[in-house]
Structures are given as C-alpha cells and as structure tokens.
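What follows is a short report on a single structure.
Derivation of every value follows stated rules applied to the coordinates shown; laboratory data play no part. Since this is a predicted model, take the numbers as computed values, not measurements. Methodologically, a virtual Cβ is constructed for each residue, glycine included, from the backbone with ideal geometry; neighbour enumeration extends over all protein chains shown.
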Amino acid sequence: MSPSIQSKLPAAGTTIFTVMSSLAVEHKAINLGQGFPDFPMNDQLTELVSRSMKDGNNQYVHMCGLPALRESIAAKCNRLYNAGINPDSDITITPGGTYALYTAFTAILQPGDEVILFEPAYDSYIPNITINGGVPVPISLNATDYSINWDEVKAKINSKTRAIIINSPHNPTGAVLSQHDIEQLKSVVACTNIIIISDEVYEHLIFDDKPHLSMLKYPELRERSFVCFSFGKTYHCTGWKMGYCIAPEAMMREFRKVHQFNCFTCNSPVQYALAEFLKDEEHYLQLGKQIQQKRDYFAEQMKQTRFTPIPSFGSYFQLYSYKNYSGEPEFDFAVRLTKEAGVATIPVSSFYMKPENNQVIRFCFAKKESTLEEAINRLVKFG
C-alpha cells in the first residue's frame, strides 16, 4: 500500500501562471501572462558570467553570499537610500526573491501568528504563511486605484499580528506606495512587535519619475523589516533565480538559520559577475525609463481595443478592464481570450484568497515591440 500524505497546503493547486502558460503553448498564443521578458539581457553581464566560469569560480561561495557581491549591494543601497547597510551582517544572497520571502516567513512565524497582506497579492504570500502555521489576514486594496485602506489595517491589528507584508511597486497592479502610505505604516507599527516583510523586487521598474519608497530609507521601518529583492527583474534574467534579502543583524541571524539548511548557497559564477556588474549604476538607474517606454507603447497601441486601462506606475504589468467585452468571470474570460484571440493573460481574481470578479486581467508588457504589436493585432480582431 502506498503511504498517504496529509497535505500542508490542501487548498493549493497548480499556480495560475503554470495553467495559463500551458494553455498558451497549447493554443499557440502570445504569452502576456507570466512576468518574464522575451528580449535579450545585457551582453556584458552574460560575458562576465562566462568569464567567471572559465576563471574557475565554480565552487561554493560563502553561505551568506559572495562577500564582493554583498559589498556591491550595500554600496548601492547606502547610495540610494542612505541606509547604513552592513554587508557582513545585514545581507544574504538567495535563489530568487520568492525564496527570500519564504525564508523570512519561516524565520519569524509561530503557529497562530497572523500576517496582514493586501489583495490582489502575489500568489506565493498566502501559501508561505499557511505552510508555516500562520494565519493570513487579507485586506482588499481599493478597487479604483489599488490604494491601501489604512483604517481597515488598524482595525485588523491585534495581539496575534506578527507581520505586515508590503509590495511596491505592486504585482499585479503596478501601484506604488506614497509618502502618505509610509507615514501611515510608521504609525501602525510604532510601539509594536510587528515585523514588516517588504517585497521590493520591482525596485527599479518604477515610472513617471515617481520615487521608490523603500523600507530601507526610513530607520524606524528598516529596524523591523526583511526587505527582499530580485536580480532577475532588474537585469532581465528571471531564469537565473537570483535575489537577496536585507534585514537588521538580529533578524538576519534568524533568516540565515533557515537559509543554511535549505539551499545553503547560490550560483557562484553568477555572483562573481553580478558583483562586478553592479558597480555600473546606470544599468539599474535607467531601467525605469526603458521599461516605461514599453508600458507607454503598449498603452498607446491598446487604444485600438475596447479594453480599459488601469494606471500602472511600476513593475512589468498593467491591468485592463474587459467590461466592454463581457461580464463573465475573470478566469473564464482569460481562457477564452487565450483560445479565441491567441493572447494569454492572468485573471486578477487569482491573486485573491477568495476570488473576486472585478472583470480585470493582467498583461505583461515587458516584451519586444514586435511581440506586443502582434498581440495587439490579435486583440483588435477579438470580439
């Protein structure tokens, strides 16, 4: 008889990204669902990785990450946010931003601890909380502009609240935190034991000259934050699965206890290459303008369709309402769009604990112009 397993994630199925990407392949659809670029990454960075491998940098590096890479990250964060980051005690290199988030939750959560999150939310948050014995406490963002209702946050905080997870620029909506949000967050966590887990993987993909308001910038928030980042999103190498987490020394010590028994260390040649590549700040400082051009091109071409845009100020994504086409549920519409128009998207209802139907889908515009043009040609013919 085969052994049975009591699932730790009984409600979890296959992620919506896998479902829609598989559907895209099946129907030869253009995949504007999952957030990965289809344009080449920087040749200099790939050459640095190749050279690093040929130079013999192929064995384990330090458990916390290559010291030279942590020093480059600290220099960058101290320059951008005046953060006072210590590369030895405050930074750990991770296999991707999602891993960093999971490890932070695992380091802090005890059974019954509550975590406030904002929906629509990146789909790893709730499983990360649940598998660690925590209790997700979802709060819906305002439906018009996806801003945070801070009065509801204050009402949901109690003695069991262990953490609040923040995501800016926000996936899936493209919303970004304002200075008002920062002041409200400071007020909410002051004189509490609440930890902030800040998902800042789209740190440099921010548009319209808006500043990125990192938790690292504010001492009273930084002292209680795990801040998670992704090289994959910054340098268009999502398949490398490289990221990092920054936290105060005492918090990072607990993070590293989990990390050392999980992956232990990350891809060595890539770390050597990134340590060198990070020294040229123009590669990340110009990123927002480069991706904004794609957002603007996509938005201009989408005017040919009957989709209604919802503003995006960051990330790879823009939401569009399809109310002018249909009143059907979001998943059903996204499937039909894939099959009939040959364009795959992501239904935003999939980013809620209890799916809502606001008739909104998410498009990824981090693609070549030729890809976007062909997708829009298909959408124009649809419906």
In nanometres, what is the gap between the two model label sites at LYS323 and SER50, each 7 Å from Cα along Cα-to-Cβ?
-> 5.2
Take the Cα of LEU9, step 7 Å along the line toward its Cβ, and report every residue of region 117-136 whose backbone nitrogen sits under 16 Å from that point.
-> 121-136
Among GLN59, GLN184, GLN318: highest mean-square fluctuation, GNM of the chain, C-alpha pairs under 10 Å = GLN59
Along region 309-323, what does the Karplus equation 6.51 cos²θ - 1.76 cosθ + 1.60 (θ = phi - 60°) give for ³J(HN,Hα), rounded to whole Hz, x for Gly and Pro?
-> x, 10, x, 10, 10, x, 5, 9, 10, 9, 8, 9, 7, 10, 4
Where both partners of a DSSP beta bridge lie in the chain, what percent of those bridges are antiparallel, to the nearest 5?
-> 50
Given the pairs LYS279/LYS368; LYS289/LYS367; LYS160/LYS210; LYS210/LYS367; LYS28/LYS354, which are separated by over 24 angstrom at their Cα positions?
-> LYS279/LYS368; LYS160/LYS210; LYS28/LYS354
Spacing of the two label points (7 Å from each Cα toward its C-beta) at ASN58 and LYS76, in nm | 2.7
Kindly rank 152-163, 368-379 from highest to lowest mean number of other beta carbons found within 10 Å of each residue.
-> 368-379, 152-163
What dipole magnitude, in Debye to the nearest 20, does the chain give about its Cα centre under +1 on Lys/Arg Cβ and -1 on Asp/Glu Cβ?
-> 460
Distance in nm between pseudo-label sites at GLU281 and GLU249 (7 Å out along the Cβ direction from Cα) = 2.6
At R0 = 30 Å, FRET efficiency that the Cβ-Cβ distance of GLU26 and SER124 yields, to 0.05 = 0.75
Rel. contact order, % - alpha carbon contacts under 8 angstrom, at least six apart, region 59-283 | 30
Straight distance only, please: which lysines reach the Cα of LYS241 with their own Cα at less than 16 Å, same-chain residues fewer than 8 apart left out?
-> LYS233
Among MET41, MET251, MET302, residue whose mean-square fluctuation peaks in a GNM of the chain (springs only between Cα atoms under 10 Å) | MET41
Counting only DSSP beta bridges with both residues in region 139-268, tell me the antiparallel percent, nearest 5.
-> 30
Roughly how many whole Å is it from the C-alpha centroid of region 108-182 to that of region 224-245?
-> 20
Sites ASN357 and VAL258, calculated FRET efficiency, Cβ-Cβ separation with R0 30 Å, nearest 0.05 | 0.20
